[in-house]
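The values are calculated or read from the model by the stated rules, or taken from the named source; none is laboratory data. Everything numeric in this text was worked out from a predicted model, so none of it was measured. Cβ atoms come from the backbone with ideal geometry, glycine included; neighbour counts cover every protein chain shown. Note: areas computed on protein heavy atoms with side chains; ligands, DNA, RNA excluded. Shrake-Rupley method; radii C 1.70, N 1.55, O 1.52, S 1.80 Å.
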Amino acid sequence: MTGISEILVLVLLITGILILPRLFKGEPVKKRSSSKKLKRLPAKIRFGIVLTLVYPMVAALYLKPWNESMISYISYGIIPVFLVWAIVWIMSGRKK
C-alpha cells in the first residue's frame, strides 16, 4: 500500500505546483524598457548626473591630483559627489 500512497502524494504535489499558482495569479506587471525610463528623467536628475561628471573634472583640474595631492582631491572632489547622491537617495526613499 505504501507504493500507491507515495504515487498519490507525488500527483498531489505536482498538481499543486502546477495548478495553484495559476489560480492565484494576479494581473501581469507591465515592464518598462530602460530607454523609456531614460526619456522620462526629470531635468533635476539630468542636471545632477551632468554635475556629477563635471564637478570631479573641474576639481581635478584645480587640485591637480597627479602632483601628490590625491587626498585633497578625494576629499574635495569625490566625497561631496557621493554625499549629495546619498542624500538624494535617502530623500527619494522617504517620499515614497
Single match in V50, V9 (criterion: closer than 30 Å to P80 by Cβ and either modelled with pLDDT of 80 or more or not charged (D, E, K, R) (or both)): V50
Total residues in region 65-83, condition touching a helix residue (DSSP H, G or I) at 6+ places or on another chain (Cβ under 9 Å) and open to solvent by less than 90 Å² (accessible area, probe 1.4 Å): 9
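Out of all the residues in region 63-96, which are more than 21 Å from F47 (Cα to Cα) and either part of a loop (DSSP other than H, G, I, E, B) or of a type in the set (A, V, I, L, M, F, W, C) (or both)? Working first, answer last.
At the first step, the residues of region 63-96 found to be more than 21 Å from F47 (Cα to Cα) are 63-75, 94, 96.
Matches in region 63-96: L63, K64, W66, E68, S69, M70, I71, I74, K96.
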Qualifying positions in region 12-47 - open to solvent by 70 Å² or more (accessible area, probe 1.4 Å), modelled with pLDDT under 80 and either in a helix (DSSP H, G or I) or of a type in the set (V, I, T) (or both): L20, P21, R22, L23, V29, S34, K36, K37, L38, K39
